Amino acid sequence: GLELSHCMGASSLGPAVPWRSGRPCKMKRVRTVFKPEQLERLEQEFLKQQYMVGTERVDLAATLHLTETQVKVWFQNRRIKWRKQSMEQKAAKLSQFGVIQPATADSTDIKDHEEDTVEVEL
């Protein structure tokens, strides 16, 4: 199952601190640590197809003993990593030929997209 970390309490470094004043503490989801076998299989599937949806995602999650959400978020994050690597390779090739690539909106879009795809499962 998923483990959630608790807000700082008396046993931690200080008193419990609400996320916003007047509200109870929010639980923060602990990052999923994938087993090497799970990562290998996820990478294999990503090489076949970059989008995993529907019953394929459900089946893969069941096979790997993960939740469907964990598989979905892994694919989202892997696509971002792939796009970033592709852009870096493209920039490296252009720089080999002396072409200076100005900062484009695309590079900032990826950074913004990374922040948008982080999902919290409670």
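FYI, it's all coordinate maths here, none of it is from the lab. Note that this is a predicted model, so its numbers are computed, not measured. So basically every Cβ, Gly included, is an ideal-geometry build from the backbone, and we count neighbours across all protein chains shown.
Of note:
- Looking across region 21-62 at every residue that is touching a strand residue (DSSP E or B) at 6+ places or on another chain (Cβ under 6 Å) and among the aliphatic types (A, V, I, L, M), the one that is surrounded by the most Cβ atoms within 10 Å (Cβ to Cβ) is identified as Met27.
- When region 66-99 is limited to residues that are in contact (Cβ under 8 Å) with a residue 24 or more places away in the chain and part of a loop (DSSP other than H, G, I, E, B), the one that is surrounded by the fewest Cβ atoms within 10 Å (Cβ to Cβ) turns out to be Thr67.
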